[in-house]
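Any read-out appearing in this document is the output of simple, stated calculations on the displayed coordinates, not a laboratory observation. Remember, it's a predicted structure, so these values are computed and weren't measured experimentally. Cβ placement follows ideal geometry from the backbone for every residue including glycine, while neighbour counts extend to all protein chains displayed.
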Amino acid sequence: MKITQLSIFLENKPGSLTTPCRLLAQAGINLLTLSLADTQQFGILRLIVRHWKKAKEVLEAGGCVVKVTEVMAVEVPDRPGGLADILQAIEKAGINLEYMYAFTEKQENKGMLVFRFSEPEKAAEVLKSAGINVLGEVELYGRLEA
């Protein structure tokens, strides 16, 4: 139920984000979702792509520093309290949420969020036992291409 995420380390200066985006575009790799966080000196571009191995090779060949991380894609009911219910289940289990970001796609009144947990296997078990759908790569990519 894990999704592969690429994290690209960028200098915090004008134009830094253009390089990885252009490299991926030239290689024909589409961004499915992304998050950009920054500090005063650097930024971290986190992204999900369908062909992550190819994307990693392209980015590294273009001079980018890339880290591979496993995250989870989780269905979240698109209603008030949908996210709070998920967070409550994780909190009760004592699992730390390191970060999260959203996909722009929504299906059947459910959004999809990317989560990075301190204990991913335990988080997946807790979420599943709470009736929350954790998406695998095949299911996620199938939804995004539909």
Reachable aspartates and glutamates from K67, criterion Cα separation under 17 angstrom, eight or more residues apart if same chain: E11, D38, E57, E98
Label-reachable residues, segment 1-20, where backbone N falls under 18 Å from a point 7 Å from E60's Cα toward its Cβ: 4-10, 20
Estimated [θ] at 222 nm from DSSP helical runs (n ≥ 4, -39500 (n - 2.57)) normalised by residues in the chain, nearest 500: -10000 deg cm²/dmol
Long pairs among K92/K122; K56/K110; K13/K56; K2/K53, criterion Cα-Cα beyond 18 Å: K56/K110; K13/K56
Paired Rg and Dmax values of the chain, which use every Cα atom, in angstrom: 15.9, 45
Environment charge of S7, counting only residues whose C-beta is closer than 9 Å and scoring Lys/Arg +1, Asp/Glu -1: +2
Neighbour net charge for L24 - beta-carbon separation under 14 angstrom, K R +1, D E -1: +4
Cα gyration tensor shape for segment 1-61, rounded if a/c is under 1.5, else prolate or oblate: oblate
Prolate/oblate/rounded call for segment 55-106, Cα gyration tensor, a/c under 1.5 rounded: oblate
Cα-centre dipole for segment 72-145 with unit charges at Cβ (Lys and Arg positive, Asp and Glu negative), debye to 20: 180 debye
Charge dipole (debye, nearest 20) of the chain; +1 at Cβ of Lys and Arg, -1 at Cβ of Asp and Glu: 280 debye
Which of F103, F42 has the fewest Cβ neighbours within 10 Å, and the rest in rising order: F42, F103
Net charge over other residues, Cβ less than 11 angstrom from the Cβ of V126 (K, R count +1; D, E count -1): -1
G43 long-range amide H proximity, modeled H, under 5 Å: L10, E11, N12
Whole-angstrom gap from segment 44-64 to segment 73-114, using each part's C-alpha centre: 25 Å
Sorted by Cβ density within 10 Å, fewest first, the residues K13, K122: K13, K122
